[in-house]
Each structure stands twice: as structure tokens, then as C-alpha cells.
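Every read-out reported here was derived from the displayed coordinates using simple, explicitly stated rules and does not represent laboratory data. Remember, it's a predicted structure, so these values are computed and weren't measured experimentally. Here Cβ is always computed from backbone atoms with ideal geometry, including for glycine, and neighbour counts include all displayed protein chains.
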Amino acid sequence: MLIGLTGNIASGKSTVSAMLEQLGAKVIDADRVVHELYAKNIILKLKLLLAFGLKAIGFRHLAVNRHGLAGIVFNDKKQMEKLESIVWPYVRNRIAGLEKTNELLVVEAALLFESGMDQKMDKTIIVCAGRDAQLKRLLKRGLCRPDALRRIESQLSQKKKAGKADYVISNNSSFKSLEKQVNRLWIRIKPSGKPHSFYR
């Protein structure tokens, strides 16, 4: 079974992903796949260089400057769409064929719906958090308020994503509340699953 897990920035999707992994799911982090592609795929790097210039790619070593690239795309919706159109076909190809496995696989992807990858999933989950909670978490990560707000506002609204998802998890309260929701969800997607405590 292939499960797509998504959520906007600072929603807590990585926390939910880690919980599901502890419960027995195999997790594939699409962002990590992207970073591996940035490091190793020469053709992709050349496409990024042509599309975004030297602020995104160092010409000498073709090293992707993720900070520079983020500065370009998070301030311009069209540039973000251009980046997605270049990168996500590579990500989909890397994940292709996983639906044939008998394992319960969770694909964690921030752009699950935007990339069309949700069409390959048996079920989809979104983790939602209020704007204030997102902002507070981003500020704790060291982002300044204007940058944090730009990143929040650059993404497809949580309401639209929630309308497309099979399951919605709310992450506006405590870790314990999140744990309970994930346990309930696990029992639904994995009938043999048993409640589990994430506290040590």
C-alpha cells in the first residue's frame, strides 16, 4: 500500500512521518530524494542552471545553491512553478514502481498534490496547522518574520489540500494529541496495527 503524506511548511508532517515509521511503515522522504538529485544528477543541474542562473547553480562545480534557489522561488510563484516542473518529473521517476510492493510505504512530500504524485497513491494524508503555529515554529528555526510569512503564503492553501486528502491530522495542540491521532489513523490504514507510545 502506498500512502502519500503532505503538509505545508512547519505543519508537523515530518513528526507524523517519524511516528508512522516507528509504527512499522517504510518512509520515503521526497525532499531527501530531491537533495540527492541536486547532488548527483548532472542533467538536472544543467537544467536548473539554464532556468535560474548562477544564483542557483555554481557554474564551476555545478553545485546547487539551495539557499540561493529558495530566495528565487519563494518570492515568485511563477519561478516556483518552473522549479516544480523541472524537478518533480525526476522525483516521480525515482518513486515509480513502489506501488507494486506489499509493504506499507509512506511517501512524505510537501508538493504531493501540486506535483500530481497523489494520483499514484492509494491513500493521502495531510497534516494541518494554524498560521500562528506555523509562524511560531518557523521563527524558532531562525527565519525572520517576513521570510517566514513569504514561505507560508507561497504554498497552496491547507484548506484546498485537506479537501483532496483522504485523512486530515490537526497539529495545533500537544504532542500527545498528535500521537493519539496518528495511532487512530494507523489502525485504519493498517488493521493489524496496535497503539504505540512515542514517549520513552
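Between amide H atoms placed 1.01 Å from N, distances below 5 Å from GLY24 occur with no residue 5 or more places distant or on a separate chain. Loop-located trypsin sites (Lys or Arg not before Pro) in segment 103-158 (DSSP state not H, G, I, E or B) with no more than 16 neighbouring Cβ atoms inside 10 Å: ARG141. As a proxy for reagent exposure, GLU108, GLU84, GLU103 were ordered by neighbouring Cβ count within 10 angstrom, fewest first; the result is GLU103, GLU84, GLU108. Note: relative contact order over segment 2-189, using C-alpha pairs below 8 Å and six or more positions apart, is 37 percent. Counting lysine pairs in segment 118-160 whose alpha carbons fall under 25 angstrom apart, excluding pairs fewer than 8 residues apart on the same chain, gives 7.
Quick one: order VAL27, VAL16 by neighbouring beta-carbon count within 10 Å, fewest to most.
On the way: VAL27 19, VAL16 24.
Ascending number of Cβ neighbours within 10 Å: VAL27, VAL16.
Straight Cα distances below 22 angstrom link LYS47 to the lysines LYS55, LYS77, LYS78, LYS82, with same-chain residues fewer than 8 positions distant left out. In the chain, the DSSP beta bridges split such that about 5 percent are antiparallel, to the nearest 5.
For LEU5, the residues 5 or more places off, or on other chains, whose built amide H falls under 5 Å of its own are VAL107, GLU108, ALA109, ILE125. Figure legend: label point modelled 7 angstrom from the Cα of ILE187 along Cα→Cβ; residues of segment 1-33 with amide N under 19 Å from it are 19-25.
For a footprinting-style exposure proxy, rank THR6, THR15, THR124 by other Cβ within 10 Å, fewest first.
Working: THR6 28, THR15 18, THR124 23.
Final ranking by Cβ density, sparse to dense: THR15, THR124, THR6.
Here segment 101-176 and segment 29-83 have alpha carbon centers that stand 22 Å from each other.
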